[in-house]
Amino acid sequence: MTAEQFIASKASEAVKALYNVEFAAANMQVGVTRKDFEGDYTLVVFPLLRISHAAPAATGQAIGEWLVANCPEFAAFNAVQGFLNLSLSNVYWQETFAAIAADKDFGQLPSTGRRVMVEFSSPNTNKPLHLGHIRNNLLGASVSNLLKAAGDEVIKTTLVNDRGVHICKSMYAWQKRFDGATPESTGKKGDHLVGDCYVEFAKMEKENPAVLDDVHEMLVKWEEGDPAVRELWQMMNQWVFDGFEQTYKALGITFDKTYYEHETYLLGKELVQKGLDMGVFVKDPDGSVWCDLTADGLDRKLLLRSDGTSVYMTQDLGTAERRFAEYKLDSHVYVVGDEQNYHFQVLKLVLGKLGFDWAEQIFHLSYGMVELPEGKMKSREGTVVDADDLIEKMYQEAKATSEESGKLEGMPEEDKERLYHMIGLGALKYFILKVDPKKKMLFNPKESIDFNGNTGPFIQYTHARIQSILRKYFDGGSTPVTPPEFSAGERPAKSDWAGAELSAKEIMLVKLLASYPQKVAEAAASYSPAILANYSYELAKEFNQYYHDTPILKEPDQKLLQMRLSLIETLASVLRKAMAVLGIELPDRM
């Protein structure tokens, strides 16, 4: 129960006691008190005036007096016109903290019964993953985790674009310019080698535009099933798949289901015929099929070329229908950049015209592009920031920064290496996910690795600091592990610190902890991991201020000491949960 729900229930009791009238708690209006007024939460009194038959201030005064007199959870109140500002007591915050500390599943919301598919990544097999793909993958994975935390059943999926003109361009360049090169012979990851072929083709096309005709001829042969073309296609695609898998593993990305365009690009043809039969699509004299969306404020949309071949929209229509039928989905989230806003607007409209009620359950998580200080990236010109290179750069930055601190002396080299990767990836993921998905972002590796400010390493360091305090208390710091008393979510029982008075700073921390489930719900509803990222930063920042002002281990009062130990471990646990949603690990030592 949230603080707002608790206050509403008690206010409902007050109304019943004072006026002998039932007023449902669900109809009470409670919010956080404005900063320029004293109090924690504010009850809006105006809806109760028809029951009290008194002035707003008098009604608020009466309810406030009853709450303070009858409920130990209320410490004080002040009635300002139609608003009753309430201050919750130390008793309330002690009970709230005890409930959080005892709940091993704190932050996991009840099951919604909804089944949601999230499609993300969906790369082309003509180049390695780059910085733009990283934002897509991190958003897709973290949104999937968010929806799970909010109680949904989630299916993570990707659609690999492994056919088409762009794929044939890399194949053609390899044939003409790469002299049988392989990942083994060049020592390159397969996706990097194929990406080199794609860049090389752009140069070839500038030298001789006619090579594009050869590429189209190759595509025709592919569609006809030409053995030589298909064999080359399978070989080069496998190089790319192997390369993708390494990058996904480094980022911690997994999928429950992978679709391939060569298996799905014909799926929508039956739906196109259905639309013709229904009269919602039209066939032009040249044989091409269109959907007229001018009445919807758009234009005519091509669904089938005059030669009968599919377009992207045809494929997406068929794939969506297949997925909703196979998985009985309640919702489908597409994580795709904002340059495809029009495409998904059309997809929903066309599916709706075909009579699919679930078309409204399609959601396009449209996100802004990632840019560099020097501007946009261009794959065909080879000016992208390669994902593998960026991951390595983040590792090197984390290693250099950690070694400069000089705090890892005595740590085994293997543990150091794991820590450097953890910090580097934490910096990368947090820097990208703390930005609202709708916004474009400028990526700066140096800024992301900073151990101060709103960064992943700052939150990681906060967690390591808490673990250090716990080690010092339990074993003098000799064992860098979470003490047994605090493992698996077990903490000192409330009886060890019952009655320990919480300070104002401790109440602030409990308030923040208590808001975590609401933050999960809010972030999931808006498909925005940034909400949870910035919540984690606020929690870490508040702890560090508390730690600076509070001598935790020097506290002579054993009840206070046990309460504070339990408080900081609970805080560390919530940080771990929140950051795990973002795919970020928190180390025990830094």
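The values are calculated or read from the model by the stated rules, or taken from the named source; none is laboratory data. Here the structure is a predicted model, which means the values were calculated and not measured. Counting neighbours? That spans all protein chains shown, and the Cβs are built from the backbone with ideal geometry, glycine included. Side chains included, ligands, DNA and RNA excluded: accessible areas come from the protein's heavy atoms. Shrake-Rupley method; radii C 1.70, N 1.55, O 1.52, S 1.80 Å.
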Where in segment 25-97 are there strands (runs of 3 or more DSSP E), lying wholly inside it, with at least 3 residues that are surrounded by 14 or more Cβ atoms within 10 Å (Cβ to Cβ)? 41-44, 74-80, 83-88
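For segment 440-470, what are the residues that are among the aliphatic types (A, V, I, L, M) and either in a loop (DSSP other than H, G, I, E, B) or closer than 18 Å to GLU404 by Cα (or both)?
Hits for segment 440-470 are ILE449, ALA464.
Sort through LEU271, LEU329, LEU304, LEU347 and tell me the only one that's within 18 Å of ILE362 (Cα to Cα) and more than 31 Å from the chain's Cα centre (by Cα).
On the way: LEU329 fails: more than 31 Å from the chain's Cα centre (by Cα); LEU304 fails: within 18 Å of ILE362 (Cα to Cα); LEU347 fails: more than 31 Å from the chain's Cα centre (by Cα).
None of the other options fit; the residue is LEU271.
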Residues (farther than 18 Å from GLU585 by Cα and without any contact (Cβ under 8 Å) to a residue 60 or more places away in the chain) located in segment 406-421: GLY406, GLU409, GLY410, PRO412, GLU413
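Yes or no: ILE63 aliphatic (A, V, I, L, M), at pLDDT 95 or above and at negative phi?
yes
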Of those in segment 262-317 that are modelled with pLDDT of 90 or more, small (Gly, Ala, Ser) and surrounded by 15 or more Cβ atoms within 10 Å (Cβ to Cβ), the residue farthest from LYS221 (Cα to Cα) is GLY275
Scan of segment 403-435 for residues that are part of a loop (DSSP other than H, G, I, E, B) and β-branched (Val, Ile, Thr), ordered by number: VAL435
The conditions are (1) touching a Phe, Trp or Tyr at 6+ places or on another chain (Cβ under 8 Å); (2) surrounded by fewer than 20 Cβ atoms within 10 Å (Cβ to Cβ); (3) not in a strand (DSSP E or B), and ARG135 fails exactly one of them. Which is it? (2)
Report yes if some residue within segment 157-176 is open to solvent by 50 Å² or more (accessible area, probe 1.4 Å), farther than 30 Å from ASP105 by Cα and not small (Gly, Ala, Ser); otherwise report no. yes
Residue under evaluation LYS559, criteria (1) touching a residue at least 60 places away in the same chain (Cβ under 8 Å); (2) over 30 Å from TYR367 (Cβ atoms); (3) buried (at least 17 other Cβ atoms within 10 Å of the Cβ), criterion not met: (3)
Contact list please: Cβ distance under 8 Å, first residue in segment 292-313 and touching a residue at least 40 places away in the same chain (Cβ under 8 Å), second residue of a type in the set (Lys, Arg), pairs at least six apart or on different chains. LEU293/ARG300; LEU293/LYS301; SER310/LYS269; MET313/LYS301
